[in-house]
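To keep things clear, I will list the structure first and then write my remarks on it.
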Amino acid sequence: MNQLTLNDLNLRWIVSKLPALYFVVILMACKTNQVAENTILATETHTIMGDSAMIEALIATEELAIENYQSSAKKDFDILHTDLDLAFDYTNQTVLGTAVLTIKPFFYPQKELILDAQDFELGKIFFSQNGKYESVSYQYDEAKIRIKLPQELTRTDTFQITFDYTAFPERNAGEGSAAITDTKGLYFVDPMDTVPDKPSMIWTQGETAHNSKWFPTIDSPNEKFTQLIKLTVVDSLISIGNGELIRQEDLGDGLRKDYWEMKLPHSPYLAAFAIGDFGKVTAQWEDIPLGYFVEKGYEKGAEKVFKNTPEMMGFFSDLLGVKYPWPKYDQIVVRDFVSGAMENTTASIFMEELRLTEREAIDSEWDYIIAHELFHQWFGDYVTTESWANITLNEGFANYSEFLWSEYKYGADEAKLKLIAETENYFAEAKIKQVDLVRFEYDNAEDLFDSHSYSKGGAILHMLREYLGSEAFYAGLHTYLVEHAFENVEVNDLRIAFEEVSGEDLNWFFNQWFLDKGHPDIYFEVDYSDPSNVLITVSQRQDLSTTPLYQFPLDVSWYEGIVRKSKQFMVTKASQQFGLENKSPVELVLIDEQKNLLAKKSIEMSPDQMREQFKSSIFGIARYEALDSLMAWEATTELESILPAALEDQFWSIRESALSILQSHPEWISDTPELERKVVAMSVNDSKNSVRAGALDVLSTYGPDKHFSSFLKLVNDSSYLVAGSALTGLVTVSEQEVDSSLIEGFATERNFRMVIPVADYYITHSVPGKGNWFINQANSISGEGLYFFLGYFSEYFSRFPAEGEMDAVTFLLEKMEHDSRNYVRLGAFQGLLSFTEKAEVMSRISEAAAQETDPELIMYYQYFLEALKDEN
Ligand SMILES: [Zn+2]
């Protein structure tokens, strides 16, 4: 699965123009306070307790640990094959099913079979074995069916359970997690086709245990079966399921039955299908057929968005030495998806953000999520975690595949940038909670889909690769996949595979990283007083009562002229000193120059030393860090001196950062006219569209009137990133009045990068009569763009209420109450804050806030609603 959270909104050129994202900081602050208070409480309890009280407390803790231990599901039975025949009632949003499950006891003799089946209505249940067919009695509590078997059965008995049922996905629909936002298992989108421009479709989302909302099963990841799913659909629609489409049967009356067969076993949560009026793009990798499914009209975009799939499939197959293990691979873009994407076997489903027009797809940045779901086809689908406690065996790998693909396709610098973003995700979460990566105590399995399992898991795999060397690392992965094909695994299986290959005991690595919590908090001191032997002191300062004392390899490097030298030391102590024995004098030592170590690192460096790091390092990520640190320190002298070099850096992200710095210091352009010519040239020639857009943003800030002609030329660029920034430049022009018909010419655009500058123009020029335009745009912009647009939307209607203020409020309330995406609900809430002077609006906001189930949003809402109350 792949999350899309507010932190992921990667709209770097828009963010700088909007105030909205300060939310993250406030939220983190709230949560940090909570943690701090708990810590104080715990200490106080500790000091006032006597000996016997302490023993009692200890016993209670130990007993609770046993009680709360979430073991892998006990296997009483094994489902060998699942046969489903499904039809759909769109009016009532129900599934009409017939299930035939082929089952055997797993090891011990059994008298009662328990199946997961949530919110079903059931008739008779039949048991059959050796040609005998009989009705059996059962009990049902809306979640589990307890079936009394005719006699005690042993593991040599194979039998079938058959019954008809109606499944009600809408019943008891509830909150999900950071990774998914609902638990219906099966979703009808606009089932009666009442929403304009919204196609009807059905799709499913099984992880974690939600597929038992639409078929009876043993809904845990350590179950695996083959399957045949028959889907009755309207003849004009298409269906996509797991495995192969082996048959299509004409049922008459405009209906058709599609037979989707999985000959290879997989886990229940990976069963899936989608039904809709999709367009299909076909492609191929070796003998594997590929399909990209998207709403009709977006096929050309899908062709571009998913174009790297065959190359990825080849890359991953080669890397792992295990060819893509399934007979086909389909990728389906749906509406209202409850997650970023889901790796259903051979049929990954993606959120609508991947539905792009051909022009939008020029700047598609979705490779990472495509790689993530594809890698899951090995790590997750082929070899599957045996329990949610071990979910990092699925998600850590999928997360790391984003790095691997990036490294292969776009180079080491870009991959490292990705890794840094992931570690920052983890560190942000670590401020709120620090838990074992593989953890057996949790309230809700959905809670495990967090930045520990994803980002930290990926970063740990990277450290393991660095430690073992790439060759041993990939050989270990090969062994792990081959030895556990179509099976379930726990973290020890991974360790053993690496030990088999490398010949080395790796308990120390797995214990500290996978089975414990926290991360190293390291202080470095570098003593240059003996120029021929620089001394490095390493101190680990993490709290050892909760966090391990780590052992880890430490890379130290320095430059003699342009020659890079490096040494690796093994840190095994709380405080340790290493001599570099460098002989030739060294002026600057770089620690972990390539940013491989997952740790909080503190080292004193002067701005001048940071500038030296920028100038000398051959690694883009180290130069990026230097620029970023100088910017954070506001070291303007040093920054200005390296800016010309940064604008020409071979790593695009440094050029992009340099432009962003220049945008905050337009006065530097006046100092150096050459800089201005450079930026103009970058806006036209840079190989990266985001850099070209950044250059235009600098020109808008520095001299919009002077660069009017640049904007005019580039506003029709094929890239929306570039055209959007050019249009922003045009609406910023002040000396000469921009012809309003020029701006109006872009008012029919549907891409938010163009829509937002037009909205800005309407607001700043007080253009009347645009209420309908704002409402129509808000109805058609999808995904993250809508979040940003809602800010302008609210501003227009709050400034010009006569243009339809109440329609705007109604629209925002509807989004806040019903949108499936938390960031859209947040955007609607933020917009509504412009209208709180009206008491009835205020009470509607409070009502909507009270219904919210997302814990982060609840905190955010409370914070602002309390503040508003205090004001009044
Ligand atoms: Zn995933």
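The values are calculated or read from the model by the stated rules, or taken from the named source; none is laboratory data. Just so it is clear, the structure is predicted and the values come from calculations on it, not from any experiment. Methodologically, a virtual Cβ is constructed for each residue, glycine included, from the backbone with ideal geometry; neighbour enumeration extends over all protein chains shown. Surface areas here come from the heavy atoms of the whole protein model, side chains and all, with no ligands, DNA or RNA. Shrake-Rupley method; radii C 1.70, N 1.55, O 1.52, S 1.80 Å.
Filter Lys74/Lys148; Lys184/Lys296; Lys838/Lys869; Lys104/Lys148 down to the pairs with a C-alpha to C-alpha distance above 21 Å, please. Check vs 21 Å cut-off fails for Lys184/Lys296. Give me the accessible area of Thr728, 1.4 Å probe, in Å² rounded to the nearest 10. Taking all protein chains as shown, Thr728 has close to 20 Å².
Computing the accessible area with a 1.4 Å probe over protein heavy atoms, can you report the carbon and sulfur percentage for the range 449-522?
After summing per-atom areas, the C and S share lands at 43 percent.
Counting DSSP beta bridges with both partners in the range 274-396, what percentage is antiparallel, nearest 5?
On the way: 10 of 19 bridges.
DSSP beta bridges in the range 274-396 are roughly 55 percent antiparallel.
For a test of the definition: using alpha carbon positions, the gyration tensor, and the 1.5 limit on a/c, classify the range 699-839 as rounded, prolate or oblate. It comes out prolate by the Cα gyration axes.
Taking Cα centre as origin and charging only the Cβ of basic (Lys, Arg, +1) and acidic (Asp, Glu, -1) residues, the dipole magnitude of the chain rounds to 1140 debye.
Starting from the Cα-Cα distance between Tyr90 and Ser532, subtract it from 0.36 nm times their residue separation and give me the gain in nm to one decimal.
151.3 nm
In the chain, helices alone account for a calculated mean residue ellipticity at 222 nm of -13000 deg cm²/dmol, with every DSSP H run of four or more residues adding -39,500 (n - 2.57). Taking Cα centre as origin and charging only the Cβ of basic (Lys, Arg, +1) and acidic (Asp, Glu, -1) residues, the dipole magnitude of the range 692-795 rounds to 220 debye. Taking the three principal axes of the alpha carbon atoms in the range 466-595, the coordinate ranges are 58, 38, 21 Å, sorted in descending order. Put +1 on the Cβ of each Lys and Arg and -1 on the Cβ of each Asp and Glu in the chain; which of Phe498, Ile229, Met806 then has its Cα farthest toward the positive end of the dipole? Among Phe498, Ile229, Met806, the one farthest towards the positive end of the dipole of the chain is Ile229.
In a DSSP loop and with at most 14 other Cβ atoms within 10 Å, the trypsin sites (Lys or Arg not before Pro) in the range 645-732 are Lys706. Of the whole protein surface, Lys132 contributes about 130 Å² of accessible area at a 1.4 Å probe radius.
Can you classify the chain as rounded, prolate or oblate using the Cα gyration tensor, where a ≥ b ≥ c are the square roots of its eigenvalues, rounded means a/c under 1.5, and otherwise it's prolate if a/b beats b/c and oblate if not? Taking the square roots of the gyration eigenvalues as a ≥ b ≥ c, the chain is oblate. Available extension along the chain between Asp287 and Thr162 is 41.4 nm, counting 0.36 nm per residue and deducting the alpha carbon span. With 28 Å as the limit, the listed pairs Lys416/Lys688; Lys418/Lys517; Lys280/Lys770 have Lys280/Lys770 beyond it between alpha carbons. From the Cα gyration tensor of the range 219-340, with a ≥ b ≥ c the square roots of its eigenvalues, which class applies: rounded if a/c is under 1.5, or else prolate if a/b is larger than b/c, or else oblate? Oblate. Ordering Gly206, Ile145, Ser794 by Cα displacement along the dipole of the chain toward the positive end leaves Gly206 in first place; charges were set at the Cβ atoms of Lys, Arg (+1) and Asp, Glu (-1).
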